[in-house]
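Here the structure comes first, spelled out in structure tokens, and everything after it is commentary.
Every number in this text was worked out from the coordinates using simple rules, so none of it is lab data. What you are looking at is a predicted structure, and each value in this text was computed from that prediction instead of being measured. In this analysis, Cβ positions are derived from the backbone assuming ideal geometry, glycine residues included, and neighbour counts consider all displayed protein chains.
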Amino acid sequence: MEEQLFAAARAAMAKAHAPYSKFPVGAAILAEDGATYAGANIENLSFPEGWCAETTAISHMVMGGAKRIKAVAVIAEKLALCPPCGGCRQRLAEFSSPDTLVFLCDEAGVQTRMRMDALLPHAFATDVIG
Ligand code: THU
């Protein structure tokens, strides 16, 4: 399962649109339905309008009909390990459980494993909305 998610994240990274940062990132989600949903970062000439690889992967998952993340793998070409940014941690948490697995990868494979509640302790949560 780790190997397959790593391979999907790496393949997604190859599709990054990152002409400005030149910092390709790939992410792959194993969802509750058993399917893998991958994504890359997609930048824009108007810099704030780009978005992260994890966000693309989440979009694919939701549009594929899944809502729960069992595991997510992230890889960046130019960083030994690429922990998801703060915004993506919250976006991932929306669809995760405390025991959702997070795999940080390099070119060789999964190097670091952690749970979602370690990646984002004290996540924003409230029952007064919705
Ligand atoms: N990036 C991601 O795709 N995921 C992260 O978790 C961190 C940053 C992207 C955003 C931008 O396209 C590039 O990396 C440089 O910040």
Using bins 10 angstrom wide from zero, how does P(r) for the chain break down, in % of all Cα pairs?
-> 14, 47, 32, 7, 0
Got a sec to turn the phi values of segment 120-130 into Karplus ³J(HN,Hα) couplings, 6.51 cos²θ - 1.76 cosθ + 1.60 with θ = phi - 60°, whole Hz, x for Gly and Pro?
-> 9, x, 6, 4, 4, 7, 8, 9, 8, 10, x
Could you give me the ³J(HN,Hα) list for segment 55-61, computed from phi with Karplus coefficients 6.51, -1.76, 1.60 and θ = phi - 60°, whole Hz, x at Gly and Pro?
-> 5, 4, 5, 4, 4, 4, 4
Most exposed to least, judged by fewest other Cβ atoms within 10 Å, C105, C88 sort to C88, C105
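Could you give the semi-axes, largest first, of the ellipsoid that matches segment 43-118, computed as the square roots of 5 times the alpha carbon gyration tensor eigenvalues and rounded to whole Å?
Here the semi-axes work out to 19, 18, 11 Å.
Excluding the sites themselves, what is the longest stretch of the chain that contains no trypsin sites (Lys or Arg not before Pro) in a DSSP loop with at most 14 other C-beta atoms within 10 Å?
After excluding every exposed loop site, the longest remaining stretch is 79-130.
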Assigned charges on the beta-carbon of Lys, Arg, Asp, Glu; segment 44-93 dipole about Cα centre (debye) = 280
Sites removed, the longest contiguous part of the chain containing no DSSP-loop chymotrypsin sites (Phe, Trp or Tyr not before Pro) with at most 11 other Cβ within 10 Å is 21-123
Please report L81, L45 as a ranked list, fewest other C-beta atoms within 10 angstrom at the top and most at the bottom.
-> L45, L81
With r defined as the distance between the Cβ atoms of V128 and V62 and R0 fixed at 30 Å, what FRET efficiency is calculated, to the nearest 0.05?
-> 0.80
Note: S97 to D117 extended length (0.36 nm per residue) minus current alpha-carbon separation gives 6.4 nm
At what distance in nm do the modelled label points of L79 and I42 sit from each other, each positioned 7 Å from its Cα along Cα→Cβ?
-> 2.1
For segment 73-110 the GluC sites (Glu not before Pro) that pass both the DSSP coil test and the at-most-14 other-Cβ-within-10 Å test are E107
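If the only charges are +1 at each Lys and Arg Cβ and -1 at each Asp and Glu Cβ, what is the size of the charge dipole of the chain around the Cα centre, to the nearest 20 debye?
Dipole magnitude for the chain comes out near 100 debye.
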Charge-dipole axis of segment 1-44 as Lys and Arg at +1 and Asp and Glu at -1 on Cβ define it, positive-most pick from A28, N41, M1 = N41
Largest fluctuation, A73, A53, A108 only, Gaussian network model of the chain with Cα springs under 10 angstrom, belongs to A108
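Taking Cα pairs under 8 Å and at least six residues apart, what relative contact order does segment 22-130 come out at, in percent?
About 23 percent, as a whole number.
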